[in-house]
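Undergrad: Before I ask anything, here is the structure I am working with.
The values are calculated or read from the model by the stated rules, or taken from the named source; none is laboratory data. Everything quoted here is computed from the prediction, not taken from an experiment. Here Cβ is always computed from backbone atoms with ideal geometry, including for glycine, and neighbour counts include all displayed protein chains.
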Amino acid sequence: MADAFGPASMPVDALVADGLTRCFGERMAVDHVNFSVGRGEVFGFLGPNGAGKSTTARMLTGFLAPTAGRAVVAGFDVAKSPGAARRHIGVVPEEANVYADLTVRQNVLLMAELHGVTKAQRELRCTELLQTFDLTARATQKGRELSKGLRQRLMLCMALVGSPQILFLDEPPSGLDVASTRMIHEVISRMNREQGMTVFLTTHNMEEADQLCHRVAIIDRGRLAAIDTPLALRGRVDSRRSVVVKFSGPGVGPADVLPRPDMEIETLVDGWRVFSPEPGPLAQHIAARTAALGLRIESLNTVSPTLEEVFVSITGGAHGHA
């Protein structure tokens, strides 16, 4: 963003939620949430529908006033200095709200003007972003003529044209075409890596968070349930560690190769996934027993819990209302 605040001058914490609370009537949507996001961090904010993800994001971006607590963005209290805070952020909302009657290029240029980008820089930034998101050939198309994936790409252009230090992505829509999803992920990762852009991503897509985020917070029923790296969170759920074994031929039963008959097993097409807090020794036992019986293993792998399994373990798989 073209102002006096450069990345070097931004505080170590790009974002701070300090006791953030929001009530809607009698319902506590966000309940005294505390966390900070470091400068240059990709931070995932996960939770079931209705858990408080988007409400928290809206308080951090100044679109919703907290009932209690405070949001701090780039060192500015959002309630006391909303203009200063917003100068450092770009926001891609849940719904791709492009201007339907404007062309792709006009949408980006309008947003650049609203962000105070100089006229010379507007044209340059617009051209660069349209190239980055493969929208150059569609520059003269109206917003209403774009598919969901193309609208999402355009929204990112509009959010990034002001060169924000912090990008908020609120629930990137599911059902995007593979090309758009991959492109969005690649651009976000590259901007974070090369420009040090901080990213705050609210999502219920575990795979997306696992791929993109340095740390993940899980919110459930308005309260922060966990916050850590994806790797560390997976490590909390030892019971979901497992061994996946597939055999070359039929006729192998669990009792033939497993150390105990009461082990949790998920049956696969040509083998099993066997859950154990100690998958290494289990894999060795299965290999030894199979060899002793003269049977052949097609593949044998130890598997860590997915972030999805961590999420379900922490939240109980709960789903509220959007």
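Undergrad: Pick from Arg70, Arg87: which is at pLDDT 95 or above and either more than 21 Å from the chain's Cα centre (by Cα) or not assigned by TED's automatic domain parsing to the domain that holds Leu201 (or both)? Let's see the steps before the verdict.
TA: On the way: Arg87 fails: at pLDDT 95 or above.
Exactly one residue qualifies, and that residue is Arg70.
Undergrad: Can you say whether Ser313 is assigned by TED's automatic domain parsing to the domain that holds Phe43 and either outside any loop (DSSP other than H, G, I, E, B) or touching a Leu at 6+ places or on another chain (Cβ under 7 Å) (or both), as far as the supplied structure shows?
TA: Answer is yes for this residue.
Undergrad: One residue is enough: does the stretch 238-245 have a residue meeting the conditions closer than 30 Å to Arg215 by Cα and surrounded by fewer than 16 Cβ atoms within 10 Å (Cβ to Cβ)?
TA: Among the residues of the stretch 238-245, at least one is closer than 30 Å to Arg215 by Cα and surrounded by fewer than 16 Cβ atoms within 10 Å (Cβ to Cβ), which makes the answer yes.
Undergrad: Before we move on, is Ser276 polar (S, T, N, Q) and either in the same structural domain as Met206 (by TED's automatic domain parsing) or at pLDDT below 90 (or both)? Give the steps one after another, and end with the answer.
TA: Details: polar (S, T, N, Q): yes; either in the same structural domain as Met206 (by TED's automatic domain parsing) or at pLDDT below 90 (or both): no.
No; evaluated as a whole, the condition is false for this residue.
Undergrad: Of the residues Leu293, Leu282, which is buried (at least 19 other Cβ atoms within 10 Å of the Cβ) and either touching a residue at least 12 places away in the same chain (Cβ under 8 Å) or not hydroxyl-bearing (Ser, Thr, Tyr) (or both)?
TA: Going through Leu293, Leu282 in turn, the sole match is Leu282.
Undergrad: Identify, please: which residue in the stretch 180-197 is of a type in the set (Gly, Ala, Ser) and in a helix (DSSP H, G or I) and is, among those, nearest to Val310 (Cα to Cα)?
TA: Ser189
Undergrad: Could you list, in sequence order, all residues of the stretch 130-141 that are aliphatic (A, V, I, L, M) and over 13 Å from Gln106 (Cα atoms)?
TA: Once the filter is applied, which keeps residues that are aliphatic (A, V, I, L, M) and over 13 Å from Gln106 (Cα atoms), the stretch 130-141 yields only Ala137.
Undergrad: Let me ask you something else. Would you check which residues across the stretch 134-163 are surrounded by fewer than 22 Cβ atoms within 10 Å (Cβ to Cβ), closer than 18 Å to His185 by Cα and touching a residue at least 40 places away in the same chain (Cβ under 8 Å) and list them?
TA: Asp134, Lys148, Ala159, Ser163
Undergrad: In the list Gly316, Gly249, which residue meets the criterion of being under 30 Å from Gly50 (Cα atoms) and either among the hydrophobic types (A, V, I, L, M, F, W, C) or surrounded by fewer than 17 Cβ atoms within 10 Å (Cβ to Cβ) (or both)?
TA: Only one candidate passes the filter, namely Gly316.
Undergrad: Can you tell me which residue is nearest to Gly44 (Cα to Cα) among those in the stretch 226-237 that are surrounded by fewer than 17 Cβ atoms within 10 Å (Cβ to Cβ) and not hydroxyl-bearing (Ser, Thr, Tyr)?
TA: Asp228
Undergrad: While we're on this one: Considering only the stretch 127-142, state which residues are assigned to a helix (DSSP H, G or I), over 17 Å from Ala179 (Cβ atoms) and over 26 Å from the mean Cα position of the chain (by Cα).
TA: Thr127
Undergrad: Condition (residue is farther than 23 Å from Gly40 by Cβ and either assigned to a loop (DSSP other than H, G, I, E, B) or in the same structural domain as Gly50 (by TED's automatic domain parsing) (or both)) applied to the stretch 149-168: is it met by at least one residue?
TA: no
Undergrad: Something else about it: Could you tell me which residue of the stretch 39-88 is surrounded by the fewest Cβ atoms within 10 Å (Cβ to Cβ), considering only residues that are part of a strand (DSSP E or B), touching a Leu at 6+ places or on another chain (Cβ under 9 Å) and of a type outside the set (Val, Ile, Thr)?
TA: Across the stretch 39-88, the extreme among qualifying residues is Ala68.
Undergrad: So, one more: Got a sec? Which of Glu113, Glu95 is acidic (Asp, Glu), at pLDDT 90 or above and surrounded by fewer than 22 Cβ atoms within 10 Å (Cβ to Cβ)?
TA: Glu113
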